[in-house]
1. Taking amide H positions as placed in the peptide plane 1.01 Å from N, state which residues far from residue 92 in sequence (5 or more) or on other chains have amide H under 5 Å from it.
2. How much mean residue ellipticity at 222 nm does the chain get from its helices, if each DSSP H run of length 4 or more adds -39500 (n - 2.57) and you divide by all residues, to the nearest 500 deg cm²/dmol?
3. At 0.36 nm per residue, minus the direct Cα-Cα distance, what do residue 16 and residue 200 gain on full extension? Give it in nm, one decimal, please.
4. Quick one: work out the % antiparallel among DSSP beta bridges in the chain, nearest 5.
5. Order these by the 10 Å Cβ neighbour count, fewest first: 184, 201.
6. Subtract the Cα-Cα distance of residue 52 and residue 85 from 0.36 nm times their separation in residues, and report this length gain in nm to one decimal.
7. Among 191, 78, rank each residue by its count of other Cβ atoms within 10 Å, from fewest to most, as a rough exposure measure.
8. Kindly provide the Kirkwood hydrodynamic radius of the chain in Å, to one decimal, from all pairs of distinct alpha carbon atoms.
Amino acid sequence: MKRVLLFDLDGTLTEDHEGHFAAARDAAFEEIGHPLNSALSQRARAENIYIATLAEMVVPGLTTHMHEELVRALYAATNRRYDVHLATHAAWRRGAQDMLAKLETGHNGIVTGAWPNNIRAMCQRLRELEGIAVIITSKDTHPRQKPDPHGLALAAEKMGVQLGTCAYVGDHWKDMEAARRARIPGILLRTETTTMEALCIATHVIDDLRELLTIDID
C-alpha cells in the first residue's frame, strides 16, 4: 500500500522554533508585570503547559472574565513576537525541500500544533508550504491537540482518504502517540532532542527526511 504521508511541522519539516516561542511567551508575561521565574519557564517548555494554565498559576484568583481577557492579551503578545521571528528565521529541516519536491503532488498533509497566523508567517520564507494539500492547525483541533489523534483524522477526511492509508511523520513522542492511537504507522525523525519514549512508540525511525522516498513503511 502506498501511504499518504502526514507531517508534523515544527521540528520535523522545519527547524525547531520551540525555544523562540518560549522566549516570546516569557516576554509576554513580563510585559503584563507577572514574569515567569526560571524554574516555571523551563517546566512550561518541558511539559508543554498552555498559556491559559500558566496564567492561572501566576495570577490566581481572577474572575472568569478577567482570566479570559488576560489569556487573550498574553496570546496576542506572544504571537506578535513569535510571528516576527518565524517570518525572518523559519528554515527547512535538512532534506525536507528535496523530499517534498519528489513526493506525489497532493499526496501529503500537515498536522501541527501551530496556529494559522504562525503558518502565514512561515510562508513568507518557506513558499513551498503553500503547496501542501492540507494543513491542520491548533485552530482546527483545539482542545483536542496531540497526542489526541483528532487532527490526523481531520487531515485524512479533508484529503478524501481513509485514515488507515496514512502514516504520520514527527519528531516528538506526542506525534508517535497520536499515530499509535490512530492505528497508523508513526515515523520518528530522530533529532538531537529525541527521547527514549518517542523511540519506544515509533514504528519506524529515520535520520533524514529523504529516507521517506525509499523506506518500506508497511
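A short reminder: the numbers here are calculations on the coordinates, not readings from a lab. Everything numeric in this text was worked out from a predicted model, so none of it was measured. FYI the Cβ positions are ideal-geometry reconstructions off the backbone, even for glycines, and counts take in every protein chain you see.
1. Hits under the 5 Å cutoff: 15.
2. On the way: 10 runs with 103 residues, N = 218.
For the chain, the value works out to -14000 deg cm²/dmol.
3. Values: separation 184, 0.36 × 184 = 66.24 nm, distance 2.16 nm.
That pair, residue 16 and residue 200, stretches by 64.1 nm at full extension.
4. Values: 1 of 18 bridges.
Here the share of antiparallel DSSP bridges comes out near 5 percent.
5. Numbers: 184 24, 201 19.
Fewest-to-most ranking of 184, 201: 201, 184.
6. On the way: separation 33, 0.36 × 33 = 11.88 nm, distance 2.22 nm.
Full extension from residue 52 to residue 85 adds 9.7 nm.
7. On the way: 191 15, 78 21.
Arranged by neighbour count, lowest to highest, 191, 78 become 191, 78.
8. On the way: mean 1/r = 0.0553 Å⁻¹.
Final number for the Kirkwood radius of the chain is 18.1 Å.
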